[in-house]
Amino acid sequence: MPNTHTPEQIIRAEILALSAYHVPPAAGMIKLDAMENPYPLPSALRDEIAQLALHAPVNRYPDASAASLKETLRQTLGISDNLDILLGNGSDEIIQIIAMAIAKPGAVLMSVEPAFVMFRMIATFANIPYVGVPLKNDFTLDLDAMLAAIAKHQPAVIFLAYPNNPTGNLFNRAAILSIIQATPGIIVIDEAYQAFAEDSFIDQLGHYPNLLLMRTLSKSGLAGLRLGLLIGRPEWLKQLEKVRLPYNIGIMTQLIAEKVLHHTPVLSEQAQAIKSERAKMSAFLGTMRGITVYPSNANFILFRVNAASQIFQALKQHNILIKNLDGTHPLLENCLRETVGTPDENSQFCATLRTILSETV
Ligand code: PMP
């Protein structure tokens, strides 16, 4: 028998150097860390879903083209016939599909920093150099720096989240349009948080051939289903489809997502409730001494404190889980990110934070 190799001999150095994406245990906690919608679906709708589950032919592979679900998405989102849709097992998977498809020698994947960490991680998975252009101190886009980086690196793809995660803000629309016009490659506008924002680039798809728009149902109440979508011109999506695994969208996801999409008022009422809670939370945080709160167009709020890790740990001891961003990027020093929960969860968060701050000052 030959000598067997160790993982260190076989696995790529960049993968050995990575730490896996950490999902902290949250059993029994008030979970305000992952931008989930805190509201369950109404019970009548859940009964209908139970009926779907009862009759679903789970012995068969799902429809590989998810034709019926795509048609429903097309109608719900008003996607015109000259655009195509590609579905992913969450929008994470769509980022991966794009990265795999463009990964030829010399290709660069670009985003801003701080941004959604998966842009960088997936670039590494696909062996593509990643360029992250720093945002300004107030988390706005540095257009000059972006344009210079585009001229220098000629990125194959740029990902921009609109609103951005983890900062929560919408970048300047005119600046994004300048970037779209300046880049020779693909530009993906990631609208994961669109349900909580007042704006979208969906109306620009007709104007720019290399513009692709990504959405997800995760933040709108269906995170457990894992469904993301990419909208764009057929000439691009035809190529990306080749990289998609044929059965990436399971039968339960297809059936349930389609059912829920026929009840969009439920989702928009929940989004509305989250937006009004967001306003209350921002106002509360704004009144606290020692806290800087950043404006949010998403379902989470970024804020800066004096001792982020200490406050994060103290909240955890009170069974409240948020996200500690301290140490993840120089611009995020002492920053915490809190997902907007139910009114009850939010008031517990506020009361606990108030107590912790009075004790730590
Ligand atoms: N894009 C952004 C900006 C995100 O914040 C997230 C989730 N945190 C995603 C994409 C991925 O979402 P999902 O895979 O659940 O669709």
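The values are calculated or read from the model by the stated rules, or taken from the named source; none is laboratory data. The structure displayed is predicted, hence computed values, not measured ones. Quick reminder, even Gly has a Cβ in these numbers, built from the backbone with ideal geometry, and neighbours come from all protein chains shown. Just the protein is used for accessible areas: all its heavy atoms, side chains included, with ligands, DNA and RNA removed. Shrake-Rupley method; radii C 1.70, N 1.55, O 1.52, S 1.80 Å.
Things to note:
- Global form of the stretch 285-330, assessed from the alpha-carbon gyration tensor, a/c cut-off 1.5: rounded
- Considering only Met281, Gln204, Leu245, and ranking their Cα positions along the charge dipole of the stretch 177-306 that arises from unit charges at the beta-carbon of Lys, Arg, Asp and Glu, the one farthest toward the positive end is Met281.
- The residues of the stretch 131-187 expose on average 36 square angstrom of accessible surface per residue, using a 1.4 Å probe on protein heavy atoms.
- A 1.4 Å probe run over the stretch 259-355, with the rest of the protein chains in place, finds 44 Å² accessible per residue.
- Segment Arg354-Ala26, length gained on full extension (0.36 nm per residue, minus Cα span): 115.9 nm
- Free of any trypsin sites (Lys or Arg not before Pro) that DSSP assigns to a loop and that have at most 13 other C-beta atoms within 10 Å, the longest stretch within the chain is 137-241.
- Only helices enter the 222 nm calculation for the chain: every DSSP H run of n ≥ 4 contributes -39,500 (n - 2.57), and dividing by all residues gives -12500 deg cm²/dmol, rounded to 500.
- Dipole magnitude of the chain, debye to nearest 20 (Cβ charges: Lys/Arg +1, Asp/Glu -1, about Cα centre): 260 debye
- If you take the alpha carbon atoms of the chain and fit the smallest convex hull around them, that volume is 175 Å³ per residue.
- Tensor-based shape of the stretch 28-89 (alpha-carbon gyration tensor, a/c under 1.5 rounded, otherwise prolate or oblate): oblate
- Largest mean-square fluctuation among Leu321, Leu177, Leu141, in a Gaussian network model of the chain whose springs join Cα atoms under 10 Å apart, belongs to Leu177.
- Over 20 Å [Cα-Cα, the stretch 282-361], rounded percent: 22 percent
- With a Förster radius of 30 Å applied to the beta-carbon distance between Gln239 and Glu198, the computed FRET efficiency rounds to 0.35.
- The portion of the accessible surface of the chain made up by carbon and sulfur, rounded to a whole percent, is 55 (1.4 Å probe; DNA, RNA and ligands excluded).
- Length-normalised contact order for the chain - Cα pairs under 8 Å, 6+ apart - percent: 22 percent
- Around Lys136: net Lys/Arg minus Asp/Glu count, Cβ-Cβ under 13 Å: -4
- Filtered GluC sites (Glu not before Pro), the stretch 253-361: DSSP coil and at most 12 other beta carbons within 10 Å: Glu333
- Over 18 Å between alpha carbons, listed pairs Lys31/Lys219; Lys70/Lys238; Lys136/Lys280; Lys136/Lys275; Lys31/Lys316; Lys219/Lys316: Lys136/Lys280; Lys136/Lys275; Lys219/Lys316
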